[in-house]
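Heads up: the structure comes next, in structure tokens.
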Amino acid sequence: MRECIGCAKNICWHRCFVQVYSLEPLRRTLRDLVDVDKLNQSADTRLVLGAVNVTTGEPKYFDNRSDRLEIDHIIASASIPPAFPMTPIGAKHYWDGGLFLNTPLSSAINCLEQIPGNVRRELIVVELFPMSAPLPKDMAEVTNRLWQLIFASKLKIDQKLFRTINETIDLMRKIEEHIPAQFRH
């Protein structure tokens, strides 16, 4: 961190710091708990982590089937500004992918589609932030509610689209039953 005269007087913290907290405690915990080699055995485990490139604003998905995942990939997917710092991976810097797309269903659905065979595919979405909350009564509650809404799942927005897709798939299955075998592929 840089030193500046204003910081000594607590008047310019916003110009001298790029985060409030350190991710080092999380990094140490993950190093103790995560077996990176096992994580990268993509035949057994599939993990796709979302982040956003800080300079380009482009989303990036780190996938253990195409990338060797390390602790910093997990950290990048949890680097929520301004609380936590951006995470360097190679020459690029990343923040939490929730800034770009908080519920990356297309990526998850694509992973499910790649599972071979006639198996049950299930997608579980965990809501980390509430859509509903009491009316804020002070600035701290306003700030908290703002962050909740920014990072809340946008799943409800997509429900109509998913319903339409499911209905189309069901209709195609019904139609397929009436197509002669020689015309099916």
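The values are calculated or read from the model by the stated rules, or taken from the named source; none is laboratory data. These numbers come from a predicted model, not from an experiment. Ideal geometry is used to build each Cβ from the backbone, glycine not excepted, and the neighbour counts take in all protein chains shown. Heads up: the accessible areas ignore ligands, DNA and RNA and are worked out on the full protein's heavy atoms, side chains in. Shrake-Rupley method; radii C 1.70, N 1.55, O 1.52, S 1.80 Å.
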Within region 19-29, which residues are open to solvent by less than 100 Å² (accessible area, probe 1.4 Å) and modelled with pLDDT under 95?
-> 19, 20, 22, 23, 24, 25, 26, 27
Considering only region 77-103, how many residues are at pLDDT 95 or above and within 14 Å of the chain's Cα centre (by Cα)?
-> 1
Just wondering, is there one or more residues in region 48-55 that are open to solvent by 40 Å² or more (accessible area, probe 1.4 Å), among the hydroxyl-bearing types (Ser, Thr, Tyr), more than 26 Å from residue 31 (Cβ to Cβ) and touching a strand residue (DSSP E or B) at 6+ places or on another chain (Cβ under 8 Å)?
-> yes
Does region 121-142 contain any residue that is in contact with a Lys or Arg (Cβ under 9 Å, 6 or more places away or on another chain), in a helix (DSSP H, G or I) and surrounded by fewer than 12 Cβ atoms within 10 Å (Cβ to Cβ)?
-> no
Looking at region 145-170, which of the residues that are open to solvent by 100 Å² or more (accessible area, probe 1.4 Å) and either of a type in the set (A, V, I, L, M, F, W, C) or without any contact (Cβ under 8 Å) to a residue 12 or more places away in the chain (or both) is nearest to residue 130 (Cα to Cα)?
-> 157
